[in-house]
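The values are calculated or read from the model by the stated rules, or taken from the named source; none is laboratory data. Bear in mind that the values here come from a model prediction, so they are computed numbers and not experimental data. Counting neighbours? That spans all protein chains shown, and the Cβs are built from the backbone with ideal geometry, glycine included. The protein model used for the area step is the full one, side chains on, heavy atoms only, and it has no ligands, DNA or RNA in it. Shrake-Rupley method; radii C 1.70, N 1.55, O 1.52, S 1.80 Å.
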Amino acid sequence: MDKVQILVVGRNGQIVETVVRLVNNNPEWNASSALTDEAAVALFESQVFNLVLLGGGIEPASDTLLRRAFTSLNPEITIIQHYGGGSGLLATEINMALEGLR
């Protein structure tokens, strides 16, 4: 089975790095990350993702821009918001989103 591909988008490099590490602790998941809108859209255009995780700190205008860009490229993409709360909450959020994809 292929790994679930997750794009993590955030503004704080250390937090994004931590989220990526936590996601990649699950052997069934693989995370890629971006700190800017441009990098996130470029990654999304070049790779197939199953899920997009938007972190805290993304301004409302960027949130809207990213959601529009991702859904225009893949109308079926699942986008979830993650504001923090530890690895247990993160895993639960991802698992709940993935259940909706099955």
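Scan around residue 4 for amide H atoms under 5 Å from its own, H built in the peptide plane at 1.01 Å from N, and keep only partners 5 or more places away or cross-chain.
29, 30
Can you give the longest run of the chain that contains no GluC sites (Glu not before Pro) sitting in a DSSP loop with at most 14 other Cβ atoms inside 10 Å?
Excluding the exposed sites themselves, the longest stretch runs over 29-75.
Rg and Dmax of the chain, Cα atoms, in Å?
Using the Cα atoms of the chain, the pair Rg, Dmax is 12.4, 37 Å.
Can you pull the one-decimal nm distance between simple spin-label points at residue 12 and residue 65, each 7 Å off the Cα toward Cβ?
Here the answer is 2.2 nm between the modelled labels.
Please give the calculated 222 nm ellipticity per residue for the chain, where each DSSP H segment of at least 4 residues contributes -39500 (n - 2.57) and the sum is spread over every residue; nearest 500 deg cm²/dmol?
Computed ellipticity for the chain at 222 nm equals -16000 deg cm²/dmol.
Taking a probe of 1.4 Å, how large is the accessible area per residue of the chain, in Å²?
57 Å²
Where the accessible area of the chain is counted over protein heavy atoms with a 1.4 Å probe, how much of it, in %, is carbon and sulfur?
About 53 percent, which is the carbon plus sulfur part of the accessible surface.
Just to check I understand the Karplus step: with θ = phi - 60° and J = 6.51 cos²θ - 1.76 cosθ + 1.60, what whole-Hz values come out for the stretch 43-52, glycine and proline as x?
4, 5, 6, 9, 9, 8, 10, 8, 8, 10
Got a sec to turn the phi values of the stretch 9-16 into Karplus ³J(HN,Hα) couplings, 6.51 cos²θ - 1.76 cosθ + 1.60 with θ = phi - 60°, whole Hz, x for Gly and Pro?
10, x, 10, 9, x, 5, 5, 4
The stretch 1-56: D in µm²/s via Stokes-Einstein (Kirkwood Rh, Cα pairs, 4 °C, 1.567 mPa s)?
Roughly 116 µm²/s, to the nearest whole number.
When the Karplus curve 6.51 cos²θ - 1.76 cosθ + 1.60 is applied with θ = phi - 60°, which whole-Hz ³J(HN,Hα) does each residue of the stretch 56-65 get, with x for Gly and Pro?
With the stated coefficients, the stretch 56-65 comes to x, x, 7, 5, x, 5, 5, 4, 4, 4 Hz.
Would you please give the residues with an amide H less than 5 Å from that of residue 33, counting only those at least 5 places away or on a separate chain, with H modeled from the backbone geometry?
Here 8 satisfy the definition.
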